[in-house]
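Enquirer: Have a look at this one before I ask anything.
The values are calculated or read from the model by the stated rules, or taken from the named source; none is laboratory data. Keep in mind it's a predicted model, so treat the numbers as computed, not measured. Every residue, glycine as well, gets a Cβ built from its backbone with ideal geometry; the counts of neighbours run over all protein chains shown. Accessible surface areas use protein heavy atoms only, side chains included; no ligands, DNA or RNA. Shrake-Rupley method; radii C 1.70, N 1.55, O 1.52, S 1.80 Å.
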Protein chains: 2
Amino acid sequence: MTELGSSPKRKRLSYDDRRSEFVQKAIEFFAEEGFDSSTRELARRLGVTQPLLYRYFPSKDDLIAEVYETVYVQRWRADWDDMISDRSTPLRDRLIEFYTVYTEVVFQRDWMRIFLFAGLKGGDINRRYIDRVRRRILEPIVREWRNEQGIDPDALSDQEIELAWSVHGGIYYFGVRTEIYGQKPVAGLPFVIESSVDSLLIGLQRLNG
Amino acid sequence: MTELGSSPKRKRLSYDDRRSEFVQKAIEFFAEEGFDSSTRELARRLGVTQPLLYRYFPSKDDLIAEVYETVYVQRWRADWDDMISDRSTPLRDRLIEFYTVYTEVVFQRDWMRIFLFAGLKGGDINRRYIDRVRRRILEPIVREWRNEQGIDPDALSDQEIELAWSVHGGIYYFGVRTEIYGQKPVAGLPFVIESSVDSLLIGLQRLNG
DNA sequence: AATGCAAGTTATCGGATGATAATTTAATGC
DNA sequence: GCATTAAATTATCATCCGATAACTTGCATT
């Protein structure tokens, strides 16, 4: 059943179209079945033969590397930085807005599962992503708060960052519970985001009290 | 390094000793290499031949089931319930003490990695564990707080539980970052626990203000 | 010392997997 | 309409995997 039954005529796609189709389906496939799943099964779901994959990717690991690249680099939104640093609105509103759109990207089953699979596989993808979160999200947040308080934005402390990590982790774990473990949320995401943001702002205040 | 070439004399252990040795090593092995790793490699690390495993476990899945059982049932401490509910000490102290000993158990590389592998595999182990955390940890915590406030302990709300989940998740994610992703903590675990507990108590106060 | 039995090994089967080489087939340019 | 070229398939290899059966060996009992 190469062609999914209906059309016996094989489609011949251009190199680029085929390639991006492969990567896209590979994301869904590996997210659901894990990176140890076979290239044969992936090919079957694509409606093509398995050796064809090797005309587009030198090896399975190369395909996996492209999956990482596509998910984690491509889905990171450049305007997140601006949302956090836009001083025309109160910081609390900015943070609520940011985590609302951030979780729209991150709380996707494929994003989260691939992130977990990658973490267990032991490469540096997760380490690099976590570094990026700290530098592009958490440190800017703390800096914005310090600026709003009228204290030196660049004098942020380790404890302030760790506090931001706790709050960020609390929000993230909500996504893990609902998307990965299938737990029905007892209260909605908006409540979690709002109370987490408030918790962060209060915590920062207490640290600098 | 039980045999590994040097000593040609095979050790002959009793059934029970051998069995628990297999389970123990299987925990380390699967935690590090994942459940898709081969029984041959596990046997090699045990210094025995692969078919011997099948004289102790009917199938690989049965061995894996025993790994789950050993890690998640055996390592759950019965006195955790008492620690949370011991009204002879202030709730804040109780919670700090509880999360100190709880994280000593949970923040182990093998515990966390097996938990993540299991979650991605799709069984109900994680769902059951999460249910247990809610019923045996989070709900008791909120009930203790309500009792301390002189309000009906059993009238706890969804928002209170979700708040407790956020704090719990924040602490848990600290363990994931340090144990799984190898991130050096910027501030220590005691700080994270204390500020998280304070954050929870303040959050509950705000919800009932 | 001989015996019984379980602990442990050797040999092997059927199937799956990543990857390669050779072959076929559809689209494009002339 | 025909040749060219690249897309796609068929066939295949070496290896690995879970599992089973048959054989061997160490230890306790007598």
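Enquirer: What is the percent carbon and sulfur in the accessible area of chain A, measuring with a 1.4 Å probe over the protein chains and ignoring ligands?
Expert: The nonpolar share, carbon plus sulfur, comes to 47 percent.
Enquirer: Do you know which residues of segment A:178-207 lose at least 40 square angstrom of accessible area in the protein assembly compared with their chain on its own, with a 1.4 angstrom probe?
Expert: Checking the loss per residue gives A:Tyr181, A:Gln183, A:Val186, A:Phe191, A:Ile202, A:Arg206.
Enquirer: Would you look at the GNM of chain A, springs on alpha carbons closer than 10 Å, and say which of A:Ser85, A:Ser199, A:Ser14 moves the most?
Expert: Comparing A:Ser85, A:Ser199, A:Ser14 in a Gaussian network model of chain A, the most mobile one is A:Ser14.
Enquirer: May I ask you to report, in nm to one decimal and beginning with the shortest, the distances from B:Ala78 to the same position in the other copies, taking label points 7 Å along Cα-to-Cβ?
Expert: Output for B:Ala78: 6.2 nm, nearest copy listed first.
Enquirer: Looking at segment B:11-66, which GluC sites (Glu not before Pro) are in a loop (DSSP not H, G, I, E or B) and have at most 14 other Cβ atoms within 10 Å?
Expert: none
Enquirer: Just to check I understand the Karplus step: with θ = phi - 60° and J = 6.51 cos²θ - 1.76 cosθ + 1.60, what whole-Hz values come out for segment B:72-79, glycine and proline as x?
Expert: Going residue by residue, I get 8, 7, 5, 8, 6, 8, 5, 7 Hz, with x marking Gly and Pro.
Enquirer: Hey, can you find the accessible area per residue of segment B:15-71 for me, probe 1.4 Å, expressed in square angstrom?
Expert: 51
Enquirer: Next question, about the same structure. Can you give the three extents of the C-alpha atoms in the protein assembly as shown along their principal axes, from longest to shortest, in whole Å?
Expert: 64, 63, 42
Enquirer: Moving on to the next point. Identify, among B:Ala26, A:Tyr181, B:Gln205, the residue whose Cα sits farthest towards the positive end of the charge dipole of the protein assembly as shown, taking +1 on the Cβ of Lys and Arg and -1 on the Cβ of Asp and Glu, with the dipole about the Cα centre.
Expert: B:Ala26
Enquirer: Direction-averaged shadow area of the convex hull around the Cα atoms of chain B, nm²?
Expert: Result: 14.5 nm².
Enquirer: Take the residue pairs A:Lys60/A:Lys184; A:Lys60/B:Lys60; A:Lys25/B:Lys25 and return only those whose Cα atoms are more than 32 Å apart.
Expert: A:Lys60/A:Lys184; A:Lys25/B:Lys25
Enquirer: State the volume of the convex hull built on the alpha-carbon positions of segment A:15-71, expressed per residue in Å³ and rounded to an integer.
Expert: Cα-based convex hull of segment A:15-71, divided per residue, equals 72 Å³.
Enquirer: Apply the Debye scattering formula to segment A:89-135, with a single equal point scatterer on each alpha-carbon and no solvent, then give log10 I(q)/I(0) at q = 0.30 Å⁻¹.
Expert: -1.06
Enquirer: Determine how large the accessible area of A:Tyr54 is when every protein chain is in place; take a 1.4 Å probe and give Å² rounded to the nearest 10.
Expert: Result for A:Tyr54: roughly 100 Å² accessible.
Enquirer: OK, next. Using a cut-off of 15 Å between beta-carbons, work out the net charge of the residues near B:Gly188 (Lys and Arg +1, Asp and Glu -1, B:Gly188 not included).
Expert: Net charge in that neighbourhood comes out at -4.
Enquirer: Evaluate the charge dipole of the protein assembly as shown about its Cα centre and quote only its size in Debye, nearest 20, assuming +1 on the Cβ of each Lys and Arg and -1 on the Cβ of each Asp and Glu.
Expert: Charge dipole of the protein assembly as shown: 1940 debye, to the nearest 20.
Enquirer: So, one more: Net charge near B:Asp154, counting Lys/Arg +1 and Asp/Glu -1 over other residues with Cβ under 9 Å of its Cβ?
Expert: Here the charged neighbours net out to +1.
Enquirer: For A:Arg45, go 7 angstrom from Cα along the Cα-to-Cβ vector, then report the distances to that same point in the other copies in nm, smallest first.
Expert: 2.8
Enquirer: Hand me the trypsin sites (Lys or Arg not before Pro) from segment B:25-116 located in a DSSP loop with no more than 15 other Cβ atoms within 10 Å, in residue order please.
Expert: Passing sites in segment B:25-116 are B:Arg55, B:Arg75, B:Arg77, B:Arg87.
Enquirer: Nearest 20 debye, what's the magnitude of the dipole of segment B:15-71 about its Cα centre given +1 on Lys and Arg Cβ and -1 on Asp and Glu Cβ?
Expert: 300
Enquirer: Bin width 10 Å, alpha-carbon pairs only: give the P(r) of segment B:150-209 as whole percents, running from 0 to the bin holding the largest distance.
Expert: 20, 44, 24, 11, 1
Enquirer: At 15 angstrom or more along the helix axis (alpha-carbon based) and mean Kyte-Doolittle of 0.0 or higher, what helices does chain B contain? Whole DSSP H runs only.
Expert: Within chain B the helices that satisfy the rule are B:91-106, B:109-121, B:189-207.
Enquirer: How many Å² of accessible area per residue for segment A:76-207, probe 1.4 Å?
Expert: On a per-residue basis, 41 Å².
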